[in-house]
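Student: Please read through the structure below; I'll follow up with questions.
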Amino acid sequence: MTTQKNPVTGTDLRTKIAQLLAPYMPKAYDKYSSYSPDFHHVRSVSIILAMKGVADLHSHSRFSDGTLSVPDLMALAASRGVDLMALTDHDEISGVAPARIEAAKHGMHFVAGVEISSQWCGMAVHIVGLRIDEHNSALRETLASVREKRITRAQAMGAEFAKVGISGVFEGAMAYAPNPELVSRTHFARHLVDSGVCGSMGEVFGRFMKPGKPGYVADDWLAMIDTINAIHGAGGRAVLAHPGRYDTTWTGGPNGLLKAFSEAGGDGVEVVCAAHYPHEWAEYGALARKFSLLASIGSDFHSPHESRVKFGDLPLLSPSLKPVWHDWPEAESFYA
């Protein structure tokens, strides 16, 4: 198809539209990102037209692998215009109670959340539980079990690094983990960057964190269906986090993943998130409609220096999607 151009400026129309929409698109702010002008290619303009209110239902604090304390995280989100907020630390809910208090101080609506490490077809996938009961004993026991697996994996990773002559990595990673019960690959990456082994977080994950690379240890997380059931048991909704990050080449592509998630009882999918490019917002929006999944949005915020987007920078959900918060009392102001 021939690209139409403006007869005066010579600019093709797709580029012009991208330029006009640029303020609505996610932007990168640091060396860890892969931002380029192509990031602004948009398949569906309607994706930026939505109801009132800014929601961010995926974020992390120092209780997992975020770099901000709960008070600082909530204050930052409020300053960026977030109206509906969820704290979703990895396999950890200790920050939920203080986050609820801090959110109220800033006039934000808040729902309890968690991001649970899971697996499907031998692949690690993350499932966000939203509006959970953080006091649910079965969920708390499940999360404690997952955190124990994290420690075991971290120790094995340290041994793998030692085999290639990089010593003290487990201890170094633990020094970056304010919560001693929760250590992640991000803590390893921060240690390896700051100790000069690698120049960036991306280099760490490329050199060491992939199958077949030194430092890689296979995950042993909960099955997808067990994770969904644990979230439902705590009264929450199960949302597939950043589906565009997973390599689904051999499992039926994104369609196969979302089909399996829906059939396992999943409730929603992150359509708009920092890990997705604009054309993927449209792709996952279409798949959400196809499999009757609710739509969610989240920055997956970890740090002012590492996160791909800032709070409030993502576009709003398309009005053609049914949001995960559609019947939550915390989101009533979105429809006023």
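Student: State yes or no: is PRO304 surrounded by fewer than 19 Cβ atoms within 10 Å (Cβ to Cβ) and closer than 30 Å to HIS187 by Cβ?
Tutor: In short, yes.
Student: Tell me, yes or no, whether the stretch 214-224 has at least one residue that is under 22 Å from GLU92 (Cβ atoms), within 16 Å of the chain's Cα centre (by Cα) and of a type in the set (Phe, Trp, Tyr).
Tutor: no
Student: I'd like the full set of residues that are in a helix (DSSP H, G or I) and modelled with pLDDT of 95 or more, limited to the stretch 163-174.
Tutor: Answer for the stretch 163-174, where residues must be in a helix (DSSP H, G or I) and modelled with pLDDT of 95 or more: VAL169, PHE170, GLU171, GLY172, ALA173, MET174.
Student: Sticking with this one: I'd like to know if the stretch 109-128 contains one or more residues that are crowded, with 23+ Cβ neighbours inside 10 Å, at pLDDT 95 or above and assigned to a helix (DSSP H, G or I).
Tutor: no
Student: Do the conditions hold for GLU181, that is, is it touching a residue at least 12 places away in the same chain (Cβ under 8 Å), open to solvent by less than 30 Å² (accessible area, probe 1.4 Å) and not in a helix (DSSP H, G or I)?
Tutor: no
Student: Among the residues of the stretch 163-178, what is the count of those that are loosely packed, with under 15 Cβ neighbours inside 10 Å and not hydroxyl-bearing (Ser, Thr, Tyr)?
Tutor: Counting residues in the stretch 163-178 that are loosely packed, with under 15 Cβ neighbours inside 10 Å and not hydroxyl-bearing (Ser, Thr, Tyr) gives 6.
Student: Among the residues of the stretch 235-261, what is the count of those that are on the phi < 0 side of the Ramachandran plot and in contact with a Lys or Arg (Cβ under 9 Å, 6 or more places away or on another chain)?
Tutor: 5
Each row is one residue, and each column tells you yes or no for (1) modelled with pLDDT under 95; (2) at negative phi; (3) part of a loop (DSSP other than H, G, I, E, B); (4) open to solvent by 40 Å² or more (accessible area, probe 1.4 Å).
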site: VAL272; (1), (2), (3), (4): no, yes, no, no
site: ALA286; (1), (2), (3), (4): no, yes, no, yes
site: SER296; (1), (2), (3), (4): no, yes, no, no
site: GLY312; (1), (2), (3), (4): yes, no, yes, no
site: SER318; (1), (2), (3), (4): yes, yes, yes, no
site: PHE334; (1), (2), (3), (4): yes, yes, no, no
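Student: On to the next question. Give all pairs with beta carbons closer than 8 Å in which a residue from the stretch 55-82 that is more than 16 Å from SER307 (Cα to Cα) and without any contact (Cβ under 8 Å) to a residue 40 or more places away in the chain meets a residue that is part of a helix (DSSP H, G or I) and open to solvent by 10 Å² or more (accessible area, probe 1.4 Å); count only pairs at least 6 apart in sequence or on separate chains.
Tutor: VAL70/PRO98; VAL70/GLU102; PRO71/PRO98; PRO71/GLU102; ALA75/GLU102
Student: So is SER145 of a type in the set (S, T, N, Q), in contact with a Lys or Arg (Cβ under 9 Å, 6 or more places away or on another chain) and open to solvent by less than 60 Å² (accessible area, probe 1.4 Å) or not?
Tutor: no
Student: Assigned to a helix (DSSP H, G or I), within 17 Å of VAL114 (Cβ to Cβ) and open to solvent by 30 Å² or more (accessible area, probe 1.4 Å), is that true of ALA103?
Tutor: Here the answer is no, as ALA103 does not meet what is asked.
Student: Given the criteria farther than 30 Å from THR249 by Cβ and in contact with a Leu (Cβ under 8 Å, 6 or more places away or on another chain), does GLU92 qualify?
Tutor: Here the answer is yes, as GLU92 does meet what is asked.
The values are calculated or read from the model by the stated rules, or taken from the named source; none is laboratory data. Treat the numbers as computed from the prediction; the structure is a model and nothing was measured. Counting neighbours? That spans all protein chains shown, and the Cβs are built from the backbone with ideal geometry, glycine included. Heavy atoms of the whole protein, side chains included, go into the accessibility calculation; ligands, DNA and RNA do not. Shrake-Rupley method; radii C 1.70, N 1.55, O 1.52, S 1.80 Å.
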